[in-house]
Amino acid sequence: MSAQTKAPAKKSFQVPHILVIILGLILFACLLTYVAPAGTYQVDEDGRVLAGTFSYIENTPVSPWTALLMIQEGVINAGSVISMMLVAGGAIAVVISTGCFEEILNFGVYKLEDKSVTVLVPAIVVMMSVLGAFAGGDSMIAFVTVGMVICKRLRLDRITAMAMFYLGYLIGQGASFTSNMVMVFQSTAGVAPLSGMGVRMAIWVIFTIVNAAYCTRYAIKISKDPSKSIVGEILEPDENMSTNIEASGFPVRAVVVALVMIGAYVLYALGNQTFGWGQEYLLAIMILIAVFAAAAYRIAPNKASKTFMSGAQSMGGICLVMGCARVIGFVLTDGNVMHTIAYGASSVIGNFGLAAAGVGVFLFTTLINLAIPSGLSKAAIVIPILNPIGDVCGLTRQVVAFAYQMGDSLTNTLTPVSGPLTGALGLAGVDYTKWVRYSAPLMGILAVIACIFIAVLSAIGWMG
């Protein structure tokens with residue numbers, strides 16, 4: 001009797017890597033130059049298109065081979081942003097390696113562990129939002145395990161653990177006013193990094209308060225009536241597992257490093273507006289931040305240097321992707337299709353006023369983010385397309401960058417192709433559909449707030 005053959009396992013669907021997506025988009029852009037009508041606007045001395053000057057011209061198609069030859073130019077063109085990403089990646093890596101943010105969080109959790117739900121839950125959400133705003137990274141999803149310990153102690157559910165730690169940092173990061181991503185968004189849009197900090201700080205405060213209130217309301221509801229838990233169960237302390245949080249003293253050194261880091265960013269923002277400091281000042285300040293953090297924690301120069309290099313290297317792939325993404329804009333520009341796209345989009349959203357145009361940019365970015373949640377990679381693809389659309393509609397580049405930032409952040413907690421989200425769901429043991437039941441209403445509330453901000457800022461011509 002012949003051995004029974006084993007049926008081949010079915011391959012599960014894998015989300016394409018961002019580089020695969022970009023290469024596909026480059027090919028699509030090339031095809032577009034062959035079939036789409038070519039057109040052009042007149043531009044001013046700053047390279048901004050002038051509304052009302054559009055005219056159709058003869059097609060100038062760009063071949064895929066020509067597009068491949070543009071990759072070097074794309075990397076060179078992205079040099080300013082790439083240099084900022086490399087230095088920022090190294091500096092943040094040094095600061096994070098000191099463990100200062102973990103010390104601050106551990107102290108806060110330790111001091112709050114015996115407090116009631118109404119105090120502990122919002123306090124943790126605010127702490128995670130602060131950390132996310134200044135140095136949040138995907139590695140912070142590891143704190144979800146701390147949330148599980150806390151929720152077992154307070155007899156809350158897995159959703160609350162996710163909401164306090166994962167959603168706390170994610171919303172803080174998305175509405176940040178000093179993060180690396182914001183600086184890249186602004187640089188790509190052609191505005192000074194860290195400009196408009198006051199408005200961004202205001203929306204960060206509002207987003208944090210709304211998130212804290214939403215999470216606290218849910219926690220109080222299920223603590224009073226466990227049957228209202230979305231996951232259908234309340235966590236109970238394990239017999240063999242300690243639910244005590246490790247004792248922690250006030251982290252003076254950690255607080256000093258964090259304050260110096262925050263103060264340095266504020267100093268640059270003020271220097272940019274007052275003295276016209278360029279990006280070279282920002283890079284120098286970030287290096288000094290890393291040096292100060294290493295000195296404060298007595299990290300040996302060689303070790304700090306290796307950490308800095310490792311952090312910079314972690315940005316290498318993203319920098320390459322951003323350079324390749326620039327090729328899409330080159331193809332659409334050389335093929336004289338970019339302005340045709342801007343003309344068509346502005347004809348749709350521009351007829352309803354500046355406020356609607358700004359909201360339109362936000363909604364467009366939100367939809368794109370569901371498929372490509374990588375904000376940095378997506379910025380190099382989308383913002384060069386949004387810039388001329390905003391110019392034609394009369395939006396300032398600062399508004400375009402802000403609308404992109406808001407659209408890039410809010411759906412990160414909903415899209416199933418987000419790596420950090422799936423990782424956090426795995427740590428907490430939460431089903432994706434149940435998580436959406438919790439987070440979707442909150443994202444809707446924040447989206448409305450974002451639209452109001454964007455509409456007002458668009459209408460007043462916010463320059464930052």
From the option list THR243, THR208, single residue qualifying as closer than 21 Å to ASN106 by Cβ and modelled with pLDDT of 90 or more is THR208
Scanning segment 367-382 for residues that are open to solvent by less than 30 Å² (accessible area, probe 1.4 Å) and either modelled with pLDDT of 90 or more or small (Gly, Ala, Ser) (or both) gives GLY375, SER377, ALA379, ALA380
Note on segment 212-233: residues over 29 Å from the mean Cα position of the chain (by Cα) and free of Cβ contacts under 8 Å to residues at least 40 places away in the same chain are LYS221, LYS224, ASP225, SER227, LYS228, GLY232
Over segment 51-75, the set of residues free of Cβ contacts under 8 Å to residues at least 40 places away in the same chain and either part of a loop (DSSP other than H, G, I, E, B) or closer than 30 Å to ILE287 by Cα (or both) is GLY52, THR53, GLU58, SER63, GLN72
Open to solvent by less than 10 Å² (accessible area, probe 1.4 Å) and in contact with a Pro (Cβ under 8 Å, 6 or more places away or on another chain): is that true of GLY335 in this structure?
yes
Those residues of segment 323-341 that are of a type in the set (Gly, Ala, Ser) and farther than 21 Å from SER377 by Cα come to a total of 1
Within segment 14-41, residues being polar (S, T, N, Q) and closer than 13 Å to THR333 by Cα number 2
Taking segment 43-59 and the residues there that are hydroxyl-bearing (Ser, Thr, Tyr) and out of contact with any strand residue (DSSP E or B) (no Cβ under 6 Å at 6 or more places or on another chain), the one that is most open to solvent (accessible area, probe 1.4 Å) would be SER55
When every residue in segment 136-159 that is buried (at least 23 other Cβ atoms within 10 Å of the Cβ) and within 17 Å of ALA254 (Cβ to Cβ) is compared, the one modelled with the lowest pLDDT is GLY136
Filtering segment 388-414 for residues that are touching a Phe, Trp or Tyr at 6+ places or on another chain (Cβ under 7 Å), part of a loop (DSSP other than H, G, I, E, B) and aliphatic (A, V, I, L, M) leaves a count of 0
Consider THR188 carefully, then state whether it is out of contact with any strand residue (DSSP E or B) (no Cβ under 9 Å at 6 or more places or on another chain) and part of a helix (DSSP H, G or I). yes
Taking segment 415-464 and the residues there that are of a type in the set (A, V, I, L, M) and in a loop (DSSP other than H, G, I, E, B), the one that is least open to solvent (accessible area, probe 1.4 Å) would be VAL430
*asked:* Taking the criterion of being in contact with a Pro (Cβ under 6 Å, 6 or more places away or on another chain), buried (at least 22 other Cβ atoms within 10 Å of the Cβ) and not aliphatic (A, V, I, L, M), would at least one residue in segment 165-186 satisfy it?
replied: yes
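Quick grid of which residues meet (1) basic (Lys, Arg); (2) closer than 16 Å to MET164 by Cβ; (3) touching a Lys or Arg at 6+ places or on another chain (Cβ under 6 Å); (4) open to solvent by 10 Å² or more (accessible area, probe 1.4 Å):
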{"site": "GLY79", "(1), (2), (3), (4)": "no, no, no, yes"}
{"site": "ALA88", "(1), (2), (3), (4)": "no, no, no, no"}
{"site": "ALA91", "(1), (2), (3), (4)": "no, no, no, no"}
{"site": "CYS100", "(1), (2), (3), (4)": "no, no, no, no"}
{"site": "LEU105", "(1), (2), (3), (4)": "no, yes, no, no"}
{"site": "VAL109", "(1), (2), (3), (4)": "no, yes, no, no"}
{"site": "VAL125", "(1), (2), (3), (4)": "no, yes, no, no"}
{"site": "GLY132", "(1), (2), (3), (4)": "no, yes, no, no"}
Here the residues within segment 268-286 that are loosely packed, with under 15 Cβ neighbours inside 10 Å and of a type in the set (A, V, I, L, M, F, W, C) are LEU270, PHE275, ALA284
Flagged in segment 365-377 as under 17 Å from VAL448 (Cα atoms) and out of contact with any helix residue (DSSP H, G or I) (no Cβ under 7 Å at 6 or more places or on another chain), in numbering order, are LEU367
request  = Say whether the condition of being out of contact with any strand residue (DSSP E or B) (no Cβ under 8 Å at 6 or more places or on another chain), within 18 Å of THR178 (Cα to Cα) and without any contact (Cβ under 8 Å) to a residue 40 or more places away in the chain is met by at least one residue in segment 290-299.
outcome  = no
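Could you list all residues from segment 27-40 that are within 15 Å of ASN336 (Cα to Cα), under 32 Å from the mean Cα position of the chain (by Cα) and touching a residue at least 12 places away in the same chain (Cβ under 8 Å)?
Selection gives ALA29, CYS30, LEU32, THR33.
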If we ask which residues in segment 62-74 are touching a Leu at 6+ places or on another chain (Cβ under 7 Å) and either open to solvent by less than 60 Å² (accessible area, probe 1.4 Å) or under 21 Å from GLY190 (Cα atoms) (or both), their number turns out to be 0
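The values are calculated or read from the model by the stated rules, or taken from the named source; none is laboratory data. Model, not experiment: these values are computed from the prediction. Heads up, the Cβs are rebuilt from the backbone with ideal geometry, glycines too, and the neighbour counts pull from every protein chain shown. Protein only, heavy atoms only, side chains kept; ligands, DNA and RNA dropped before computing areas. Shrake-Rupley method; radii C 1.70, N 1.55, O 1.52, S 1.80 Å.
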